[in-house]
There are 2 protein chains.
Amino acid sequence: MTDIHMIDAAAGRLSGHARRTPLLSSPFLDEIAGRPVFVKAECLQHTGSFKFRGAWNAISALREAGESKGIIAFSSGNHAQGVALAARLQGLPSVIVMPADAPAIKIENTRALGAEVVPYDRATEDRDEIGARLARERGLSLVKPFDMAEVIAGQGTSGLEIAEQAAEAGIDRAQVLVPCGGGGLTSGIALALEARAPGFTVHPVEPEGFDDVLRSQKAGTRQRNERLSGSICDAIITPTPGDLTWPVIQRLCGEGFAVSEDEALKAMALAFDRLKIVLEPGGAVALAAALFRPGEGPVIAVASGGNVDRAMMARALSQ
Amino acid sequence: MTDIHMIDAAAGRLSGHARRTPLLSSPFLDEIAGRPVFVKAECLQHTGSFKFRGAWNAISALREAGESKGIIAFSSGNHAQGVALAARLQGLPSVIVMPADAPAIKIENTRALGAEVVPYDRATEDRDEIGARLARERGLSLVKPFDMAEVIAGQGTSGLEIAEQAAEAGIDRAQVLVPCGGGGLTSGIALALEARAPGFTVHPVEPEGFDDVLRSQKAGTRQRNERLSGSICDAIITPTPGDLTWPVIQRLCGEGFAVSEDEALKAMALAFDRLKIVLEPGGAVALAAALFRPGEGPVIAVASGGNVDRAMMARALSQ
């Protein structure tokens with residue numbers, strides 16, 4: 001299981017390859033929230049989301065273990081791009097298994113980053129079966145989107161940066177709000193802060209109607225989302241907390257928040273106006289909770305990704 | 001006159017107060033330009049532009065000299081916000097003299113950052129006369145937008161960061177493209193790089209039709225713009241190169257570029273898509289030149305500001 005030593009090792013592997021993303025703030029956002037707000041701008045990471053961190057670390061670890069013929073992943077989104085670029089930069093081929101009906105721009109971007117995209121029909125084909133066959137035939141190693149110890153360790157490096165940057169800003173107690181899908185980023189940051197900033201408490205943030213983690217926290221056992229589509233926050237919709245991530249969330253995190261789509265769009269517009277960064281709806285949910293939910297003391301919102309199409313941003317800006 | 005020692009001193013004053021803005025890149029932009037493109041994201045500086053650097057340094061220097069009853073500035077834009085916030089953070093009152101017909105949002109933002117806004121009628125009143133009277137009556141010190149040695153030194157700190165960040169990226173020769181109005185940022189960066197990255201050459205970038213610096217370079221003497229309005233790149237429109245900035249530009253800069261409004265809008269959209277940052281048209285002209293003008297070897301484009309209204313960004317994204 002992921003621990004602080006694995007996160008430190010991941011930071012060593014990422015050094016000089018991943019960006020140290022800035023911790024941003026604006027007096028205008030402090031005014032709205034009624035308390036100091038800081039934003040960890042992971043949208044500025046390579047490929048526009050934190051996913052590059054976990055992908056880079058997992059692929060590095062596979063190479064060090066000599067399992068390095070190539071990489072395979074399942075994703076239509078941020079994980080696909082993170083894996084594609086990290087693999088290419090480490091000189092490995094990558095295969096991304098994607099639904100054939102994924103948006104053309106996502107398929108193009110993933111190909112442009114050097115991956116071979118293998119489309120499958122969601123209605124008639126089994127993604128896992130296709131992936132397993134390709135992995136077997138070509139000797140590829142699977143990099144999972146969140147439920148994998150080295151992926152969680154990679155995402156946790158953003159937590160190390162938060163601890164350092166908050167200390168530089170003189171903050172020793174804070175709520176840390178993290179957009180939460182499968183929980184890789186949330187659990188990685190929680191593990192990093194447990195060791196390096198024990199006065200900080202991590203809270204997962206989800207879209208309303210897709211709050212499996214919040215309901216799991218309340219029930220004390222893992223709950224599932226009824227639906228897996230129909231949210232503009234598609235980047236952070238997963239069926240249920242992961243086998244590896246859930247125990248960490250249960251042990252370390254404070255109760256989560258669920259925000260509406262309108263609140264996510266408003267947070268996108270305010271990040272545009274006041275921080276000059278581009279967020280996707282799923283990447284803006286933690287900022288939405290920081291701005292629109294009451295709380296005491298400093299709050300650090302992780303802005304996990306910015307891969308939004310132009311039409312969706314126009315929608316946010318026209319609110 | 002500004003020299004590298006003043007820029008180093010400015011960096012000392014700004015440490016812990018200004019942001020060290022990231023140097024961003026994307027393989028997609030490299031592909032468009034046909035060479036490696038790096039973007040110094042000054043839009044992520046406090047108040048959304050590089051102007052905070054010069055304002056902070058000039059106000060610090062005035063305080064150190066004991067001339068610290070308050071600050072006055074003339075500006076309807078980025079300089080106003082930079083001065084207002086820097087003065088407030090240093091515990092000084094500030095007065096910003098602004099045209100009464102400036103956009104309401106700019107007046108509101110400047111007030112919200114703690115400044116007293118004194119409106120004047122462009123048709124009937126003399127800005128300089130109003131400013132001189134207020135300065136005299138209240139003992140305020142003027143912070144000019146570019147033609148002031150400590151302002152140029154402050155802007156030059158972004159050049160120090162470029163030299164360090166480029167060295168970390170292994171770059172020892174590059175074109176450095178800088179959006180150029182009065183030339184404070186351009187000359188400050190040129191002075192910093194002369195000392196710290198002598199393999200780099202700075203080139204000013206202006207909007208077509210407002211290319212007083214480029215025409216001055218070609219003529220060998222200072223030229224004036226015929227018009228001072230009618231450009232979406234309003235943040236970088238000034239009558240003529242400054243008394244202090246022009247000799248630096250003439251001595252150190254390579255020939256400039258002029259880009260069209262369409263090219264600036266396209267660069268804004270590409271910065272949105274690929275870097276996840278928000279640029280204003282004037283802040284995007286250097287990136288436009290990096291992407292759409294031929295050149296050899298690495299190019300570093302300074303993205304000088306991101307204070308764009310939502311409608312203008314919607315226009316850029318709908319191209």
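Could you tell me which residue of segment A:293-304 is farthest from the chain's Cα centre (by Cα), considering only residues that are buried (at least 18 other Cβ atoms within 10 Å of the Cβ) and more than 10 Å from every other protein chain (Cβ to nearest Cβ)? Talk me through it step by step, then tell me what you get.
Initially, segment A:293-304 is screened for residues buried (at least 18 other Cβ atoms within 10 Å of the Cβ), giving A:298-304.
Retained after the next criterion (residues that are more than 10 Å from every other protein chain (Cβ to nearest Cβ)): A:298-302, A:304.
Values: A:298: 22, A:299: 18, A:300: 15, A:301: 12, A:302: 9, A:304: 5 Å.
Step by step, filter segment A:293-304, then rank; the result is A:298.
The residue list A:65, A:55 contains one member that is out of contact with any Lys or Arg (no Cβ under 9 Å at 6 or more places or on another chain), at pLDDT 95 or above and more than 20 Å from residue B:273 (Cα to Cα), which is A:55.
Residues checked against (1) closer than 27 Å to residue B:307 by Cβ; (2) buried (at least 21 other Cβ atoms within 10 Å of the Cβ):
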residue	(1), (2)
A:234	no, no
A:251	no, no
A:262	yes, no
A:271	yes, yes
A:310	yes, no
A:315	yes, no
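Regarding segment A:221-229, can at least one residue be identified that is at pLDDT 95 or above and buried (at least 23 other Cβ atoms within 10 Å of the Cβ)? No: zero hits. Is it the case that segment B:37-47 has a residue that's closer than 14 Å to residue B:274 by Cα, at the interface with another protein chain (Cβ under 9 Å from one of its Cβ atoms) and crowded, with 24+ Cβ neighbours inside 10 Å? For segment B:37-47, residues closer than 14 Å to residue B:274 by Cα, at the interface with another protein chain (Cβ under 9 Å from one of its Cβ atoms) and crowded, with 24+ Cβ neighbours inside 10 Å: present. Residue-level check: of (1) farther than 23 Å from residue A:160 by Cβ; (2) hydrophobic (A, V, I, L, M, F, W, C); (3) in the same structural domain as residue A:269 (by TED's automatic domain parsing), residue A:39 misses just (1).
Selection of first residues in segment B:1-20 that are farther than 15 Å from residue B:90 by Cβ and of second residues that are outside any helix (DSSP H, G or I), restricted to Cβ pairs under 6 Å at least 6 apart or on distinct chains, gives the following pairs, ordered by first then second residue: B:19/B:45.
Residue B:73 falls short on exactly one of the conditions (1) crowded, with 22+ Cβ neighbours inside 10 Å; (2) under 19 Å from residue B:156 (Cα atoms); (3) more than 12 Å from every other protein chain (Cβ to nearest Cβ); (4) in contact with a Lys or Arg (Cβ under 8 Å, 6 or more places away or on another chain), and that condition is (2). If residue A:29 satisfies every condition in (1) out of contact with any Leu (no Cβ under 6 Å at 6 or more places or on another chain); (2) farther than 16 Å from residue A:279 by Cβ but one, which is the exception? Failed condition: (2). When the residues of segment A:9-32 are narrowed to those that are farther than 24 Å from residue B:23 by Cα and among the charged types (D, E, K, R), which ends up farthest from the other protein chains (Cβ to nearest Cβ)? By that ranking, first place goes to A:30.
Taking segment B:215-319 as the region of interest, the helices (runs of 4 or more DSSP H) fully inside it that hold 1 or more residues being of a type in the set (D, E, K, R) are B:245-252, B:261-270, B:310-317.
In the list A:112, A:84, A:100, A:104, which residue meets the criterion of being loosely packed, with under 12 Cβ neighbours inside 10 Å, closer than 26 Å to residue A:281 by Cβ and outside the structural domain of residue A:17 (by TED's automatic domain parsing)?
Working: A:112 fails: loosely packed, with under 12 Cβ neighbours inside 10 Å; A:84 fails: loosely packed, with under 12 Cβ neighbours inside 10 Å; A:100 fails: loosely packed, with under 12 Cβ neighbours inside 10 Å.
Matching residue, one of A:112, A:84, A:100, A:104: A:104.
Per-residue answers, yes or no, for (1) within 14 Å of another protein chain (Cβ to nearest Cβ); (2) within 15 Å of the chain's Cα centre (by Cα); (3) closer than 27 Å to residue A:280 by Cα:
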| position | (1), (2), (3) |
| --- | --- |
| B:228 | no, no, no |
| B:231 | no, no, no |
| B:237 | no, yes, no |
| B:253 | no, no, no |
| B:266 | yes, no, yes |
| B:272 | yes, no, yes |
| B:306 | yes, yes, yes |
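For segment A:115-153, residues that are part of a loop (DSSP other than H, G, I, E, B) and either of a type outside the set (Asp, Glu) or crowded, with 16+ Cβ neighbours inside 10 Å (or both) total 12.
When the criteria are applied in full, residue A:216 meets the requirement of being more than 21 Å from residue A:40 (Cβ to Cβ) and either surrounded by 24 or more Cβ atoms within 10 Å (Cβ to Cβ) or hydroxyl-bearing (Ser, Thr, Tyr) (or both).
Which members of segment A:198-211 meet the condition of being outside any strand (DSSP E or B) and either surrounded by 24 or more Cβ atoms within 10 Å (Cβ to Cβ) or outside the structural domain of residue A:186 (by TED's automatic domain parsing) (or both)? Talk me through it step by step, then tell me what you get.
Step one: filter segment A:198-211 for residues outside any strand (DSSP E or B), giving A:198-199, A:208-211.
Matches in segment A:198-211: A:210 only.
Residue count for segment A:115-147 satisfying the condition of being touching a strand residue (DSSP E or B) at 6+ places or on another chain (Cβ under 7 Å) and either modelled with pLDDT under 90 or within 14 Å of chain B (Cβ to nearest Cβ) (or both): 4.
Across segment A:48-66, the number of residues qualifying as crowded, with 24+ Cβ neighbours inside 10 Å, under 13 Å from residue A:154 (Cα atoms) and not charged (D, E, K, R) comes to 9.
The values are calculated or read from the model by the stated rules, or taken from the named source; none is laboratory data. Remember, it's a predicted structure, so these values are computed and weren't measured experimentally. All Cβ positions, even for glycine, are placed from backbone atoms using ideal geometry, and neighbour counts span all protein chains on display.
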